[in-house]
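Coordinate-derived values only; no laboratory data. Predicted model only: the values in this text are computed from it and were never measured. Using ideal geometry, Cβ is built from the backbone for each residue, glycine included, and neighbour counts are taken over all protein chains shown.
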Amino acid sequence: MVPGPRYVQRMPRLARPAPDTRSARTRMVMRQLAGRGIRDQRVLAAMRWVPREWFLPPHLAGDAYNDAPLPIGSGQTISQPYVVALMTEQLAPRRTHRILEIGTGSGYQTAILAYLAARGKVFTIERLPDLLVEAEERFRRLGLENIETRLGDGAGGWPEEAPFDGIIVAAAAPRIPEPLTAQLAPGGRLVIPIGDLASQELVILERSERGELVQRQAGGVRFVPLISRLAFTEQSPP
């Protein structure tokens, strides 16, 4: 039986969350993102708005704006800020888009997407219940109303809500899972790391308005594996 969607309780979106770290976020945006080629001003604004320290274990809050991925528990990580910005820029979300995210994790990428698709909706799937519960609390704290969550195997997508204008996968797969390709709307983009457990290439798959698929690459990345019968079936060795 497929678990039903979990709705995040509605609260007003915060205008300026965590004002005490806004200057640190601004420095991160200027040095790590704009300084390395991220040009989309909406993406830069979203990265400046979301307080990354809210998505980390308390003892790592002081490292929130380091140029590095960080552990969040359960063998998972929050991605390096540049990688989050790069994947978001490649996805090119618009305000009214319906976006599917595979791998909620800490919820940081989800929050960025929800900010950008303020009049649309973000559907996010996570297989680890502890991470999902913590992410949902962070969404409530930020007042993000346009997020639906689901606990389960994300590689099969969310067929009853398809098609999606954008699909983003925050874990590595050996190939693009076919259900995700099938759930991509005409004019939509799918962003996913493809490769083995050691290294991957960031792949962008676009479906034209006529239904044709075009694939390109955006550089090397390294992600935890997507655990699924449609991807990697076992955790990578320690």
Quiz item: What is the magnitude of the charge dipole of segment 67-221 about its Cα centre, with +1 placed on the Cβ of each Lys and Arg, -1 on the Cβ of each Asp and Glu, and no other charges, expressed in debye to the nearest 20?
Solution: 400
Exercise. Give me Val122, Val203 ranked fewest to most by other Cβ atoms within 10 Å of their Cβ, as a rough exposure proxy.
Key: Val203, Val122
Quiz item: So for the chain, taking the charge dipole from beta-carbon charges (+1 Lys/Arg, -1 Asp/Glu), which of Leu184, Gly35, Leu226 sits furthest toward the positive end?
Solution: Gly35
Quiz item: Is segment 136-238 best put as rounded, prolate or oblate by its Cα gyration tensor, with a ≥ b ≥ c the root eigenvalues, rounded for a/c under 1.5, and otherwise prolate when a/b is larger than b/c, oblate when not?
Solution: oblate
Quiz prompt | Contact order relative to length of segment 67-221, as percent, for alpha carbon pairs under 8 angstrom and 6 or more apart | solution = 18
Exercise. Tell me the Kirkwood hydrodynamic radius of segment 67-221 in angstroms, computed as one over the mean inverse distance between distinct C-alpha pairs.
Key: 15.4
Practice problem: Would you work out if segment 62-106 is rounded, prolate or oblate? Take a ≥ b ≥ c from the square roots of the eigenvalues of the alpha-carbon gyration tensor; rounded if a/c is under 1.5, else prolate when a/b is larger than b/c, oblate otherwise. | Solution: oblate
Quiz prompt | Computed helical MRE - 222 nm, the chain, DSSP H runs ≥ 4 contributing -39500 (n - 2.57), nearest 500 | solution = -6500 deg cm²/dmol
Quiz item: So how far, in whole Å, is the C-alpha centre of segment 30-107 from the one of segment 147-204?
Solution: 18
Quiz prompt | ³J(HN,Hα), Karplus 6.51/-1.76/1.60, whole Hz, each residue of segment 87-101, x for Gly, Pro | solution = 5, 5, 4, 5, 5, 6, x, 10, 4, 9, 5, 9, 10, 9, 10
